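Step one of this worksheet: look at the structure below.
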Amino acid sequence: MKPYPRVLPAGAAAGAFGVAGAIGAAGAATKELLPGRLGILGVGAEVCFLAFSRWPYAILPAGIVGGTVAVGALGDTRVSLVVAVHAGILAIGCLALLARRTLLRTDDRPTRTAADVPMLAVAGLLPLAAAHGLARGNPSHEVMVATYEFAVIPGYFFLTTYTLPNRLAMKKAAVCYLVGAAALAAAELTMPTRHGGLLSALALPPLLVAASHARGWKRAGLAVLIALLGVDAVMAGYRAVWLATGLALLVLLVKGSWQVRRGILTAAMAGAVLVPLAVAVSPGLQARASLAVDQVHQSAGHRLPEAAVGMDVFMAQPLIGGGLGHVTPPVYLPDYTVTTVGPVYHVFYVMVLANLGLVGLLVLWPLLRAIRTSLAAPDDYAVAFAALTCGFLAAVAFAGPTDGHWELGLLPAVALLTSQTALRPPAPAREKPS
């Protein structure tokens, strides 16, 4: 008689109970010792550290989606807090990885990719550029801001290659991300502009690939998820997100397999019919739609005047720019006010040229290599993430987020990881014993 199968191995069950107990004990103690918001942040830090030590694939979903949730729960949207929460979660993740390597003696290793050397060159450029900025007398606070804006690109890239070394880890991370992104999208359908549709847009192309290759109830469930995230991305009212998503879908339509092309066209036709119907019957969606239409008619505000100031800085120092953290003394921006401009100019390429000059275009090297490698891979997921990279390379010309363009580090890394998995030869089949 065969024994009943165990749901969890004994070691995994003991580890799960141990992590839960440690989280509970540490959280209770921290909440008692630290008052108010510090206590909440302290508990969150301990929960993240213990969870990441056990499940490193959760670091990126927690940093991206969990950071947005945490900022919303705190009810404070100051730029400093947004950056601190997102960067803090990732820093705790790095500490957890270090603890796993030193204390648990794990064999965690980063996955090597074709863009490692170019991205290391970008990371190596930043300390030199920061030293140049300080030597020129740029304010130290602004040097830190500019350094962070650029450092998130190699930071997210290498954290991705370290925590998502195989398809299984990527699937687990994708599930964590999709659960959080879908919950946010559902909760915010009547509360516009909380995350600008960015989190939903990042998931749409790979979800379309998954739905194109799925069957039965799985395809139906993915279709519902695509509809939810698609409506959120469209109704968010951010033109940069629209541009990135549209260009990504266009590249995927051209380079994807015939199943994916059919899935995209089917989703587009269904959306053209169902979205107007949903807006017609939902007052909340009507409010979102009206705000989205208003965004189309809004001007670029002070983005173009700021970009012009940044280009003046670049023209004065075309090779190496004004150094990281360069700011222009108070200048008058038409239809705005007299203000200090820089080091972030709300246009990524102007920020690169003003702070780093032509040398700063080195940041495009790993991104373009990732796109070229991944578009040539025989895998629709690799093409989807390469298409997203193309989309956001276009969109960053019109956006300057407070927490940096981290997607330019995440997307090329995932594209390369999926393309390498597709190109890797399958493991030889084991021979059956005679």
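Taking the listed residues L249, L243, the one that is farther than 20 Å from D379 by Cα and assigned to a helix (DSSP H, G or I) is L243, with no other qualifying. Somewhere in segment 57-79, is a residue of a type outside the set (V, I, T), modelled with pLDDT of 85 or more and in contact with a Ser or Thr (Cβ under 8 Å, 6 or more places away or on another chain)? Within segment 57-79 (the criterion being of a type outside the set (V, I, T), modelled with pLDDT of 85 or more and in contact with a Ser or Thr (Cβ under 8 Å, 6 or more places away or on another chain)), the answer is yes, since at least one residue qualifies. Quick one: would you say G342 is touching a residue at least 60 places away in the same chain (Cβ under 8 Å), closer than 29 Å to A131 by Cα and more than 15 Å from the chain's Cα centre (by Cα)? The answer is yes for G342. A203 meets the stated requirement of being within 21 Å of A70 (Cβ to Cβ) and not hydroxyl-bearing (S, T, Y).
Taking segment 91-191 and the helices (runs of 4 or more DSSP H) fully enclosed by it, the elements with 1 or more residues that are modelled with pLDDT of 95 or more, over 18 Å from the mean Cα position of the chain (by Cα) and surrounded by fewer than 20 Cβ atoms within 10 Å (Cβ to Cβ) are at 116-135.
Filtered by the rule that a residue be buried (at least 24 other Cβ atoms within 10 Å of the Cβ) and either among the hydrophobic types (A, V, I, L, M, F, W, C) or within 23 Å of V71 (Cβ to Cβ) (or both), segment 391-403 gives F392, A395. Only one of the numbered conditions (1) more than 19 Å from the chain's Cα centre (by Cα); (2) open to solvent by less than 40 Å² (accessible area, probe 1.4 Å) is violated by A201, and that is (1).
Restricting G36, G27 to residues that are at pLDDT below 75, surrounded by fewer than 16 Cβ atoms within 10 Å (Cβ to Cβ) and not aromatic (F, W, Y) narrows the list to G36.
The values are calculated or read from the model by the stated rules, or taken from the named source; none is laboratory data. The structure presented is a predicted model; accordingly, all values stated were derived computationally and were not measured. Glycine gets a Cβ as well: all are built from the backbone with ideal geometry, and neighbour counts include every protein chain shown. Quick note on the areas: whole protein, heavy atoms, side chains included, nothing else; ligands and nucleic acids left out. Shrake-Rupley method; radii C 1.70, N 1.55, O 1.52, S 1.80 Å.
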